[in-house]
Amino acid sequence: MTAPDISRVRIAGFRSIEDADFPLDRINLLIGSNGSGKSNILGIFELFHAITMGKLQTYVAESGGPEVLFRYGTKQTNTIVLRAEFGDSFYEIHLHPDSGSGCRIASEQLIITTGDKSLKLVSSDTVETGIFAGAYEDPSWESFRLHLQSWTTYRFQSRCTGAEDERRLTEFLFRLKLTEPGYFEKITDTIRLIFPQFGDFLFREENGAVTLFWTDAQAGGHVFGLSVLSGGTARFINLAVLLLQPAPPRLILIDEPELGLHPFAVAVLADLMKLASRSAQLLVSTQSVQLLNAFGPAEESAGSRILIVDMNRGTTTITVPTPESLADWIEEYSIGELWQMNVLGGNP
C-alpha cells in the first residue's frame with residue numbers, strides 16, 4: 001500500500017496561526033504579503049517531519065523554544081494542534097509546553113482506513129513520538145511513516161549554498177550520473193535552457209573525496225567552481241536537481257523559488273513543478289505574478305490550488321479561491337493580475 005496524498009491540514013495555536021483549516025492538491029501555491037505568515041505555514045510541515053523523525057525537542061530548541069512556537073507565548077496558548085488528513089485517514093497530535101524549555105506530546109493518533117480495514121494507533125504523554133518510534137508490522141503504517149518522514153523543505157540562499165549543502169549536491173549528482181544517467185542528462189539539458197554557456201558538470205576525485213565543477217561551453221570548456229555562479233543560476237541548478245530527481249520526497253516545500261530568476265527561468269520552473277507533481281505534492285511560497293499565472297483557476301483540473309495568506313490583527317488566515325468565485329473576473333484578467341488588483345487578497 002502507498003499512503004495517499006495529504007488532502008487537508010488543520011493547525012491551531014502555532015505561531016501566528018490561531019486556527020486554520022485548508023485543503024491541499026498536487027501543486028499548492030502560497031501567496032501573501034511579507035509578514036503574513038507564509039513561512040509559518042511551511043514551518044507546520046517541518047514540525048510534522050521533526051515529530052515523526054523523533055526530533056521534536058531538537059526542532060523546538062532550534063526554533064527558539066515554546067515561547068516562540070506557541071501563539072503569543074505559553075501564557076496565552078497552552079496547546080498546539082496539528083492534523084494532516086489523507087483522504088479517509090489522518091494523523092493528529094496535541095502539544096503542550098513542558099516545564100523546561102521543550103514540549104510534551106499530550107496525545108497523538110494515527111487512523112489508517114483502507115477499504116473495510118481500519119488501523120488505529122494512539123499514544124499520550126511522551127517527549128517524542130510514541131507512534132512512529134515503534135515497529136509495527138502492518139504495511140499501511142510503514143507506508144504512512146515513510147510518507148511523513150520524507151517531507152522535505154528547501155530554503156535556498158541568495159548564492160550557492162554552504163560547504164555541507166555543496167557536498168550533498170556533489171554526492172547526489174555524482175551518484176545520479178553513475179546510476180541514473182538519463183535523469184542526469186535531463187538535469188544538465190534543463191540547466192542549459194536558462195544558462196547557455198553551461199557545458200556540463202565535471203567531477204574530480206582525490207583522496208576519496210569528490211569535488212564538483214562546471215565547464216563553460218562558450219570559453220573552450222574552461223573549468224569553474226560553483227562559487228563563481230550567480231545567485232539566480234545557483235538557485236536554478238538546485239531547483240532543477242530537486243524537481244527532476246528520479247525518486248523525490250512525497251511532499252516538497254519550497255520557499256520563494258523565483259528569487260533571482262530571469263522571467264524565462266520562472267517559466268521553465270513552472271514546467272518543472274508540473275512535471276515533478278506527477279510523483280510528489282508541492283507546497284510553494286511565492287510572490288511571483290508570473291509563476292502564479294502558470295497555475296490559475298484553469299489549472300484546477302490539473303491538480304493545482306492557490307492558498308491566499310493574510311494577516312488580520314496578528315492572526316494568519318488562509319482562504320482558497322475557487323474557479324466559480326472568480327468566474328466573472330478570469331474572463332478578462334489573469335490570476336496574477338487579480339492578485340495585483342487585490343481582488344484575491346494577500347496584499348499589505
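Computed from the coordinates by the stated procedures, all read-outs in this text should not be read as laboratory data. It should be emphasised that the depicted structure is a prediction, and the values quoted were computed from it without experimental measurement. Reconstructed Cβ throughout: ideal geometry from the backbone, glycine too, with neighbour counts over all protein chains shown.
General observations
- Selected from T153, T317, T179 as most flexible by GNM, with the chain as the system and alpha-carbon contacts under 10 Å: T179
- Within region 87-175, the GluC sites (Glu not before Pro) that combine a DSSP coil assignment with at most 14 other C-beta atoms in a 10 angstrom radius are E137.
- T315/N207 FRET efficiency (R0 41 Å; Cβ-Cβ; nearest 0.05): 0.15
- Computed label-point distance, nm, for sites E185 and A133 using a 7 Å Cα→Cβ extension: 4.9
- If the chain linking D200 and S99 were pulled fully straight, counting 0.36 nm for each residue of separation and taking away their Cα-Cα distance, it would gain 30.9 nm.
- Contact order relative to length of region 160-229, as percent, for alpha carbon pairs under 8 angstrom and 6 or more apart: 23
- Q76-S33 pseudo-label distance in nm [points 7 Å out on the Cα-to-Cβ vector]: 1.9
- Computed on the chain, with alpha-carbon pairs under 8 angstrom and 6+ residues apart, the relative contact order is 22 percent.
- Within straight-line cross-link reach of K177, aspartates and glutamates at Cα separation under 12 Å, skipping those fewer than 8 residues along the same chain: E185, D200
- Extension gain for S107-R8 works out to 33.7 nm (0.36 nm per residue, less the C-alpha to C-alpha distance).
- For the chain, the 222 nm mean residue ellipticity estimated from helices alone, with every DSSP H stretch of n ≥ 4 adding -39500 (n - 2.57) and the total spread over all residues, rounds to -9500 deg cm²/dmol.
- Nearest-0.05 FRET efficiency for Q218 and E67, computed from C-beta distance (R0 45 Å): 0.25
- Cα long-axis angle, helix 163-179 against the chain (0 to 90 degrees, to the nearest 10): 70
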